[in-house]
Amino acid sequence: MQIPNYEKARRRSHEEVLVRDFEMNANYSKLGLNKKYYLKTYGCQMNEHDSENIKGMLDKMSFKETLDMKDADVILLNTCSIRENAHNKAFGMLGRIKHLKNEKKDLIVGLCGCMAQEVGVVEEILKKYKFVNFVFGTHNLDDLPKLLANSFKDSKLNVEVYSMEGDIVENMPVTRVSKYKAYVNIIYGCDKFCTYCIVPYTRGKQRSRHKEDIIKEVKELVRDGYQEVTLLGQNVNAYGKDLYDDYELADLLVDVAKTNIPRIRFLTSHPWDFSEKLIEVIKNYDNILNFVHLPVQSGSNRILKLMGRRYTRESYKELYDKLRSIPNISITTDIIVGFPGETEEDFNDTLDLVNYCKYDSAFTFIYSPRENTPASRLEDKVPLEEKEQRLYKLNELINKYSKESNLKMVGNTYLVLCEGYSTKEGMLFGYTETNKLVNFKGSIDAIGKIVKVKILDAKSFSLDGEIVE
Ligand code: SAH
Ligand code: SF4
Ligand code: F3S
């Protein structure tokens, strides 16, 4: 039993991070024969990719996936802590699973991901959800085979959560969702400690993967026919800082571009670490796509300071203008409304900045207090209704600009990576280089290929088009 501790989670050790290869006890490889697992994933791309590793491990243990929870022998929840609603969804799910477990006593239930790193969550599971078999955190994903194997022998709840990051584990088994586009981690953890955010506590200190390991992974993806990679990190712009004196994200992007993978994206960029060199590299390489997700969070300098974001609206605008000067670039953002003490004037500063930037699109959120974060201790007098109104108003503005930027594309032809059938009947779907969703008519031969699509119609969240030869 190992339970999380925030003191330790906050610590940033200067010890070298070790890199080791994934290993699994050979006895586990038949454990899942004739057994099915159901995996539910919440949260960001990082968690989605962790789930691809989880599936990889379960496949290696001979389990089969089921999409029907009632049919499963093992249920795993890969959870997210970022806002209260992600939390509530996972606990709601545990409630449903409890009923299943009453009917099926040998059902095995595991919980992992960011919520497992929260002290309050683990306490609640120990008190109220004792039917759970095991809990493990983001720092010991590779312990899954062992924990699962043990829970077949002993049904008592086992919590194995480490508060401090461990080694970087290379060559984890992976079962990717897509055959055409892939996530590749480049940096784990976050050292920014924005005052509202729980991630630095749930994901540990910033640790870059060695460039050779990243490039090897991308080369294998090219060999397997992948068309696109997204390089992942909570703050990809910090890549290399903990590892090299003279090698940063821009250099990594150049090396990845040289593998000739047709499309490269990277997520997420913190405005504070965005280098001139990176701007040049985006400009100069065709396969580094013209798309930047650049979260601003707020347009008010007072709030940015309280958030600990380390930039001002002026310096953000300066960076934004430089990026906008790259032809056909698309820029998106994240914005939080209702940070503790946000006044009408602060909020108007945010609207004003959105009017200036005219983002291609944005994710917008109402501030959600997170356990143990500095912002959760600030006084917050703004009523929820007021916050909801601000969110509504902000979304109207964001949608207006999304639609405007989409309308500009009508009549033109763009390269789209076709991913499969659209939810719209008889249509295919894919994304442009600038990450715009397109539903289009065309033959199924297009699936998995980069095709030319003429845009015929634009909405706020998607485009309609047809393949042209
Ligand atoms: N590392 C990324 C984003 C991580 S979380 C970055 O720094 O940009 C994704 C988004 O969730 C954040 O950009 C922020 O807008 C939002 N978010 C994070 N913590 C939040 C909180 N406590 N309440 C509401 N939104 C939050
Ligand atoms: Fe959270 Fe800030 Fe780190 Fe992003 S940069 S993960 S918002 S602490
Ligand atoms: Fe959520 Fe953890 Fe990602 S808190 S957003 S799953 S890093």
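Within the range 98-128, can you find the residues that are under 24 Å from residue 370 (Cβ atoms), open to solvent by less than 40 Å² (accessible area, probe 1.4 Å) and either more than 15 Å from ligand 1 (Cβ to nearest atom) or assigned to a helix (DSSP H, G or I) (or both)?
First pass over the range 98-128, keeping only residues under 24 Å from residue 370 (Cβ atoms): 110-128.
Right, trim to open to solvent by less than 40 Å² (accessible area, probe 1.4 Å) and you get 110-122, 125.
Those that are under 24 Å from residue 370 (Cβ atoms), open to solvent by less than 40 Å² (accessible area, probe 1.4 Å) and either more than 15 Å from ligand 1 (Cβ to nearest atom) or assigned to a helix (DSSP H, G or I) (or both): 110, 111, 112, 114, 115, 116, 117, 119, 120, 121, 122, 125.
Can you find, within the range 316-352, the residue that is farthest from ligand 3 (Cβ to nearest atom) among those that are under 23 Å from residue 365 (Cβ atoms) and hydroxyl-bearing (Ser, Thr, Tyr)?
Within the range 316-352, the match that is farthest from ligand 3 (Cβ to nearest atom) is 343.
Six or more apart or on different chains, Cβ atoms under 6 Å: show the pairs whose first residue is in the range 164-191 and closer than 20 Å to residue 215 by Cβ and open to solvent by 40 Å² or more (accessible area, probe 1.4 Å) and whose second is aromatic (Phe, Trp, Tyr) and at pLDDT 95 or above.
Here the result reads 171/22, each pair linking the range 164-191 to a residue that is aromatic (Phe, Trp, Tyr) and at pLDDT 95 or above.
So in the range 361-385, with the set limited to residues that are in contact with a Phe, Trp or Tyr (Cβ under 9 Å, 6 or more places away or on another chain) and open to solvent by 40 Å² or more (accessible area, probe 1.4 Å), which one is nearest to ligand 3 (Cβ to nearest atom)?
Taking the candidates together, the pick is 371.
Is it the case that some residue within the range 409-417 is open to solvent by 70 Å² or more (accessible area, probe 1.4 Å), aliphatic (A, V, I, L, M) and under 28 Å from residue 179 (Cα atoms)?
Scanning the range 409-417 turns up at least one residue that is open to solvent by 70 Å² or more (accessible area, probe 1.4 Å), aliphatic (A, V, I, L, M) and under 28 Å from residue 179 (Cα atoms).
Is at least one residue of the range 381-390 closer than 20 Å to residue 263 by Cα, part of a helix (DSSP H, G or I) and at pLDDT 95 or above?
From the range 381-390, those closer than 20 Å to residue 263 by Cα are none; that's our starting set.
No, the range 381-390 has no match at all.
Out of 57, 24, report the one residue that is more than 16 Å from ligand 2 (Cβ to nearest atom), in a loop (DSSP other than H, G, I, E, B) and either within 18 Å of residue 169 (Cα to Cα) or assigned by TED's automatic domain parsing to the domain that holds residue 114 (or both).
Every option except 24 fails the conditions.
When both residues are 6+ apart or on different chains and their Cβ atoms are under 9 Å apart, which pairs have a first residue that lies in the range 377-391 and is more than 15 Å from residue 345 (Cβ to Cβ), and a second that is assigned to a helix (DSSP H, G or I) and not basic (Lys, Arg)?
378/306
Residue-by-condition table, conditions (1) open to solvent by 10 Å² or more (accessible area, probe 1.4 Å); (2) within 15 Å of ligand 2 (Cβ to nearest atom):
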position	(1), (2)
207	yes, yes
224	yes, no
231	no, no
235	no, yes
243	yes, no
248	yes, no
271	yes, yes
275	yes, no
294	no, yes
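Can you pull out every residue in the range 21-77 that is within 16 Å of ligand 1 (Cβ to nearest atom), among the hydrophobic types (A, V, I, L, M, F, W, C) and touching a strand residue (DSSP E or B) at 6+ places or on another chain (Cβ under 7 Å)?
Of all residues in the range 21-77, those within 16 Å of ligand 1 (Cβ to nearest atom) come to 41-50.
In the following step, the residues that additionally are among the hydrophobic types (A, V, I, L, M, F, W, C) were identified as 44, 46.
Result: 46, single match.
Could you check how many residues of the range 40-74 are at positive phi and among the hydroxyl-bearing types (Ser, Thr, Tyr)? Can you show your working first?
Initial filter on the range 40-74 (at positive phi): 43, 62.
Then drop every residue that is not among the hydroxyl-bearing types (Ser, Thr, Tyr), which leaves 62.
Residues in the range 40-74 being at positive phi and among the hydroxyl-bearing types (Ser, Thr, Tyr): 1 in total.
Kindly indicate whether residue 319 is in contact with a strand residue (DSSP E or B) (Cβ under 9 Å, 6 or more places away or on another chain) and either loosely packed, with under 14 Cβ neighbours inside 10 Å or modelled with pLDDT of 95 or more (or both). Write out each step before concluding.
On the way: in contact with a strand residue (DSSP E or B) (Cβ under 9 Å, 6 or more places away or on another chain): no; either loosely packed, with under 14 Cβ neighbours inside 10 Å or modelled with pLDDT of 95 or more (or both): yes.
Judged against the criteria, residue 319 is not a match.
In the range 296-308, which residues are more than 21 Å from residue 358 (Cβ to Cβ) and open to solvent by 10 Å² or more (accessible area, probe 1.4 Å)?
Selection gives 302, 305, 306, 308.
Scan the range 192-205 for residues that are open to solvent by 10 Å² or more (accessible area, probe 1.4 Å), more than 7 Å from ligand 2 (Cβ to nearest atom) and farther than 16 Å from residue 166 by Cα and report the count.
Summing the residues that are open to solvent by 10 Å² or more (accessible area, probe 1.4 Å), more than 7 Å from ligand 2 (Cβ to nearest atom) and farther than 16 Å from residue 166 by Cα in the range 192-205 gives 2.
Go through the range 149-199 and report how many residues are in contact with a helix residue (DSSP H, G or I) (Cβ under 8 Å, 6 or more places away or on another chain) and part of a helix (DSSP H, G or I).
So the answer is 2.
Of all residues in the range 312-340 being within 16 Å of ligand 1 (Cβ to nearest atom) and touching a Cys at 6+ places or on another chain (Cβ under 9 Å), which is farthest from residue 293 (Cα to Cα)?
Checking each candidate, the answer is 316.
When you scan the range 160-190, how many residues do you find that are within 16 Å of ligand 2 (Cβ to nearest atom) and either aliphatic (A, V, I, L, M) or modelled with pLDDT under 95 (or both)? Steps first, answer last, please.
Kept after step one, since they are within 16 Å of ligand 2 (Cβ to nearest atom), are these residues of the range 160-190: 165, 185-190.
Narrowing the set further to residues that are either aliphatic (A, V, I, L, M) or modelled with pLDDT under 95 (or both) leaves 165, 186-187.
Selection size over the range 160-190: 3.
Filtering the range 336-360 down to residues that are aliphatic (A, V, I, L, M) and assigned to a helix (DSSP H, G or I), which residue is most open to solvent (accessible area, probe 1.4 Å)? Step through it out loud before you land on a result.
Of the range 336-360, the ones aliphatic (A, V, I, L, M) are 336-337, 351, 353-354.
Then drop every residue that is not assigned to a helix (DSSP H, G or I), which leaves 351, 353-354.
Details: 351: 22, 353: 3, 354: 3 Å².
Step by step, filter the range 336-360, then rank; the result is 351.
Please specify each residue of the range 250-269 satisfying the condition of being open to solvent by 10 Å² or more (accessible area, probe 1.4 Å) and assigned to a loop (DSSP other than H, G, I, E, B).
258, 259, 260, 262, 268
The values are calculated or read from the model by the stated rules, or taken from the named source; none is laboratory data. All of these numbers come straight from a predicted model, not from anything done at the bench. Methodologically, a virtual Cβ is constructed for each residue, glycine included, from the backbone with ideal geometry; neighbour enumeration extends over all protein chains shown. With ligands, DNA and RNA removed, areas are computed over all heavy atoms of the protein, side chains included. Shrake-Rupley method; radii C 1.70, N 1.55, O 1.52, S 1.80 Å.
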